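This report refers to the structure that appears directly beneath it.
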Amino acid sequence: MNTTCTPKEALQKLEHFCAYQERCHAEVVSKLYSLKMTSDESDNIVVQLIEGNFLNETRFACSFARGKHRIKHWGKIRIVNELKAKHISSTNITLALKEIDPEEYETTFNQLAERCWNSVQEKNILKKRKKFCDYMLRRGYESNFVYEKVTFLEKAEND
């Protein structure tokens, strides 16, 4: 960023920043810091953004959860961890997870699992299992789902 700007200019920049895509408070505060705003000015601008409905943590969390699941095929555990890293409250995290339809979640999980299992080029079944499980767990899917699925896929492959 260039040198400092006035609080009014900063507010306009942040309105555009928040209008472009949903933002969490931490992202906005970080942006204000890069604009060299004092903490009082930052607090004031954040309050104005909330009052103007440019900044809404609940809306951000719900949008984040929907998007990361639908586009990146992340599981709930990864979504929760990423939201916690952005300092989102547990109440908003709970609301965000309700945005993911259970049937859609299961369908996405199954499609991703099948694709992953079929793409692992490994002759040793133990290594294949490990690669599959590591991938699915990294994606943020629940371990009980992953282990049930790997057993099912292995059995189906051997039949």
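The values are calculated or read from the model by the stated rules, or taken from the named source; none is laboratory data. These numbers were taken from a predicted model, which means no experiment stands behind them. Cβ atoms come from the backbone with ideal geometry, glycine included; neighbour counts cover every protein chain shown.
Summary of values
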read-out	value
Where Met37 falls short, out of the listed (1) assigned to a loop (DSSP other than H, G, I, E, B); (2) assigned by TED's automatic domain parsing to the domain that holds Leu137	(2)
Unmet requirement for Ser42, which otherwise passes all of (1) among the polar types (S, T, N, Q); (2) out of contact with any Leu (no Cβ under 8 Å at 6 or more places or on another chain); (3) assigned to a helix (DSSP H, G or I)	(2)
Residues that are in contact (Cβ under 8 Å) with a residue 24 or more places away in the chain, among the acidic types (Asp, Glu) and over 13 Å from Glu157 (Cα atoms), drawn from the stretch 111-142	Glu142
Some residue of the stretch 82-90 being among the polar types (S, T, N, Q) and surrounded by 12 or more Cβ atoms within 10 Å (Cβ to Cβ)	yes
Residues within the stretch 64-74 that are touching a residue at least 40 places away in the same chain (Cβ under 8 Å) and under 9 Å from the mean Cα position of the chain (by Cα), tallied	2
Filter result for Leu32 (over 25 Å from Asn144 (Cβ atoms), of a type in the set (A, V, I, L, M, F, W, C) and not in a helix (DSSP H, G or I))	no
Close pairs from the stretch 97-108: first within 18 Å of Ala61 (Cα to Cα), partner basic (Lys, Arg) and surrounded by 13 or more Cβ atoms within 10 Å (Cβ to Cβ), Cβ under 6 Å, at least 6 apart	Leu97/Lys76; Glu99/Arg66
Breaking point among (1) of a type in the set (Ser, Thr, Tyr); (2) surrounded by 15 or more Cβ atoms within 10 Å (Cβ to Cβ); (3) under 28 Å from Lys98 (Cβ atoms), for Tyr20	(2)
Exclusive hit being acidic (Asp, Glu) and not in a helix (DSSP H, G or I), set Glu27, Glu22	Glu22
Every residue from the stretch 96-132 that is of a type in the set (S, T, N, Q) and surrounded by 12 or more Cβ atoms within 10 Å (Cβ to Cβ)	Thr108, Asn110
Residues within the stretch 112-129 that are assigned to a helix (DSSP H, G or I) and either out of contact with any helix residue (DSSP H, G or I) (no Cβ under 7 Å at 6 or more places or on another chain) or farther than 13 Å from Lys149 by Cβ (or both), tallied	9
Lone unmet requirement of (1) modelled with pLDDT under 95; (2) loosely packed, with under 13 Cβ neighbours inside 10 Å; (3) more than 28 Å from Phe17 (Cβ to Cβ) for Asn53	(3)
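Residue-by-condition table, conditions (1) among the charged types (D, E, K, R); (2) at pLDDT below 95; (3) assigned by TED's automatic domain parsing to the domain that holds Gly75:
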| position | (1), (2), (3) |
| --- | --- |
| Asn118 | no, yes, no |
| Ile125 | no, yes, no |
| Lys128 | yes, yes, no |
| Gly140 | no, no, no |
| Lys149 | yes, yes, no |
| Leu153 | no, yes, no |
